[in-house]
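K.L.:
Dropping the structure in here first, questions after.
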Amino acid sequence: MSKTLVITGGAGFIGSNFVYYILKKYPDYCVVCVDALTYAGNLSTLKEALKNPNFRFEKLNICDYAGVKNLFEEIKPDIVINFAAESHVDRSITTPGIFVDTNIKGTQNLMDICRELEIPRFHQVSTDEVYGDLPLDRPDLFFTENTPIHASSPYSASKAGADLLVLAYCRTFNFPATISRCSNNYGPFHFPEKLIPLMITHALADEPLPVYGDGKNVRDWLYVEDHCKAIDLIIHDDRLGEVYNVGGHNEMSNLDIVKLILQKLNKPESLITFVEDRKGHDRRYAIDPTKIHDTLGWSPETKFKDGIETTIDWYLSHEDWWREILSGNYQNYYEKMYGGKI
Ligand code: NAD
Ligand code: DAU
């Protein structure tokens, strides 16, 4: 049956991958992307989607009550999936306020509008960072859905705040929501200030590769399409009020990732430059995905060795995309597409 999906933050990394995933898998669905086009949003990422008559883009801030309510009244979404967020830990250390505004207040605003309009389903895209970190010397420990919330950065605290609000709305108002908490994603359209794309683009330019601290911090990397598949399963399942951890049992240290990228690009390790550590830097993330595996049958399908090759190849064949970002020109794309029309 055809549905109307709102995808907030769909001009960002994971949201845009989800837009393409849904348009391909459900050709009869209508997809409406709500995105404020912050520095992290890039409308050119959605160039191909914009050619699809079932896709619509709305430049809107999720904190804008009237704007979002008018839109939702008009399109009557069946499901709202909230990817929109300030997502970069380093930026949250320099400018925490916007993280509270978008990640907490924006989520609350969306949920209030959904309640008022009785929209049948809301999904919050959250992160494993809400659990804080794990020690490096206890490889037997993993985050489960019952691990206490213990955020380390203003970013993760704001995501944790949003999660608590979603769960409170479920309990207090019987709000029909679910939450997914995923580990680090990688793949196409990843903004080049995050670890993997930053290292690929720096290596290609023979520029220093800045590794924070000792480079031993561990992340649990998941190919972005596997995250999209997990969210697809969750939003098409009837269970409400559930939290699902999503991760690939693919732990790697930052230094090992950087060395692998250099090796694949045939660049020397002498480009590695150790720099001052991130404040409050989480040591290790590792997800136990048993619940989503057992209840919804989800398992990661892309092996890291294949996913990283695909990702590097993508950056090699989409130089225009990331060079426009590095030059700042991508922020003119909306004006070019919509200038004079609105
Ligand atoms: P991103 O920074 O690449 O994209 C965020 C998008 O949200 C951008 O298009 C931006 O313009 C938009 N946005 C920001 N503030 C907005 C606002 N106030 N109103 C409307 N749109 C706004 O982020 P991402 O890496 O794609 O992450 C997407 C979601 O997934 C986030 O909620 C993040 O917390 C979560 N997450 C990310 C990862 C990861 O590895 N990147 C892992 C787990 C969870
Ligand atoms: O775990 C999920 C989270 O993964 C998401 O919730 C966040 O939105 C997403 O940005 C990501 O957070 P991280 O902080 O793990 O990602 P980032 O790419 O910023 O950094 C990954 C690791 O690499 C981290 O240990 C810091 C390190 N790093 C990062 C950069 C940008 C470096 O050593 N050098 C760098 O230049």
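The values are calculated or read from the model by the stated rules, or taken from the named source; none is laboratory data. All values derive from a computational prediction rather than experimental measurement. All Cβ positions, even for glycine, are placed from backbone atoms using ideal geometry, and neighbour counts span all protein chains on display. What goes into the accessible areas is simple: the full protein's heavy atoms, side chains included, and nothing from ligands, DNA or RNA. Shrake-Rupley method; radii C 1.70, N 1.55, O 1.52, S 1.80 Å.
K.L.:
What are the pairs with Cβ atoms under 6 angstrom where one residue, in the range 267-282, is within 16 Å of ligand 1 (Cβ to nearest atom) and the other, located anywhere, is part of a loop (DSSP other than H, G, I, E, B) and open to solvent by 50 Å² or more (accessible area, probe 1.4 Å)? Sequence gap at least six, or different chains.
P.N.:
Pairs found: D282/D133; D282/S152.
K.L.:
Okay, next question. Over 16 Å from C228 (Cα atoms) and either part of a strand (DSSP E or B) or within 16 Å of ligand 2 (Cβ to nearest atom) (or both), is that true of V34? Working first, answer last.
P.N.:
Details: over 16 Å from C228 (Cα atoms): yes; either part of a strand (DSSP E or B) or within 16 Å of ligand 2 (Cβ to nearest atom) (or both): yes.
Yes, satisfied.
K.L.:
Regarding V218, is this residue more than 11 Å from ligand 2 (Cβ to nearest atom) and closer than 29 Å to L141 by Cβ? Write out each step before concluding.
P.N.:
Numbers: more than 11 Å from ligand 2 (Cβ to nearest atom): no; closer than 29 Å to L141 by Cβ: yes.
It is false that V218 is more than 11 Å from ligand 2 (Cβ to nearest atom) and closer than 29 Å to L141 by Cβ.
K.L.:
Do you know which residues across the range 201-210 are part of a strand (DSSP E or B) and either surrounded by fewer than 21 Cβ atoms within 10 Å (Cβ to Cβ) or not aliphatic (A, V, I, L, M) (or both)?
P.N.:
P210, the sole residue that qualifies.
K.L.:
Here is a further query. What do you reckon, is D313 modelled with pLDDT of 95 or more, loosely packed, with under 12 Cβ neighbours inside 10 Å and not in a loop (DSSP other than H, G, I, E, B)?
P.N.:
no
K.L.:
Which condition breaks for T302 when tested against (1) out of contact with any Phe, Trp or Tyr (no Cβ under 8 Å at 6 or more places or on another chain); (2) surrounded by 14 or more Cβ atoms within 10 Å (Cβ to Cβ)?
P.N.:
(1)
K.L.:
Any residue at all in the range 92-109 that is within 12 Å of ligand 2 (Cβ to nearest atom), part of a helix (DSSP H, G or I), modelled with pLDDT of 95 or more and open to solvent by 10 Å² or more (accessible area, probe 1.4 Å)?
P.N.:
So in the range 92-109, the residues within 12 Å of ligand 2 (Cβ to nearest atom) come out as 92-93, 99, 103.
When the remaining residues are screened for being part of a helix (DSSP H, G or I), the result is 92-93, 99, 103.
Narrowing the set further to residues that are modelled with pLDDT of 95 or more leaves 92-93, 99, 103.
Next, from what is left, pick out any that are open to solvent by 10 Å² or more (accessible area, probe 1.4 Å): 93.
Yes - at least one qualifying residue is present in the range 92-109.
K.L.:
Then there is this: Filter the range 177-205 for residues that are over 14 Å from Y315 (Cα atoms) and either at pLDDT below 95 or away from ligand 2 (no atom under 11 Å from the Cβ) (or both) and give the result. Lay out the reasoning, then the answer.
P.N.:
Narrowing the range 177-205 to residues over 14 Å from Y315 (Cα atoms): 177-185.
Correct list: A177, T178, I179, S180.
K.L.:
Select from the range 283-310 the residues that are in a loop (DSSP other than H, G, I, E, B) and touching a residue at least 40 places away in the same chain (Cβ under 8 Å) and list them in ascending order.
P.N.:
Initial filter on the range 283-310 (in a loop (DSSP other than H, G, I, E, B)): 283, 285-286, 288-289, 297-303.
Correct list: R283, Y285, A286, D288, P289, G297, W298, P300, E301, T302.
K.L.:
Is it true that some residue in the range 261-273 is closer than 27 Å to V166 by Cβ and crowded, with 18+ Cβ neighbours inside 10 Å? Give the steps one after another, and end with the answer.
P.N.:
Here is the first cut: in the range 261-273, the residues closer than 27 Å to V166 by Cβ are none.
Checked against the condition, which is being closer than 27 Å to V166 by Cβ and crowded, with 18+ Cβ neighbours inside 10 Å, the range 261-273 yields no hits at all.
K.L.:
Give the number of residues within the range 114-140 that are more than 14 Å from I79 (Cβ to Cβ), assigned to a helix (DSSP H, G or I) and not basic (K, R). Steps first, answer last, please.
P.N.:
Narrowing the range 114-140 to residues more than 14 Å from I79 (Cβ to Cβ): 115-116, 126-140.
Of the ones still in play, those that are also assigned to a helix (DSSP H, G or I) are 115-116, 128-131.
Imposing the further condition that a residue be not basic (K, R) reduces the set to 116, 128-131.
Result for the range 114-140: 5.
K.L.:
Let me ask something else about it. Condition first: in contact with a helix residue (DSSP H, G or I) (Cβ under 8 Å, 6 or more places away or on another chain) and either open to solvent by 20 Å² or more (accessible area, probe 1.4 Å) or over 23 Å from V125 (Cβ atoms) (or both). Now tell me which residues in the range 219-241 satisfy that.
P.N.:
Answer for the range 219-241, where residues must be in contact with a helix residue (DSSP H, G or I) (Cβ under 8 Å, 6 or more places away or on another chain) and either open to solvent by 20 Å² or more (accessible area, probe 1.4 Å) or over 23 Å from V125 (Cβ atoms) (or both): Y223, E225, K229, L233, D237, R239, L240, G241.
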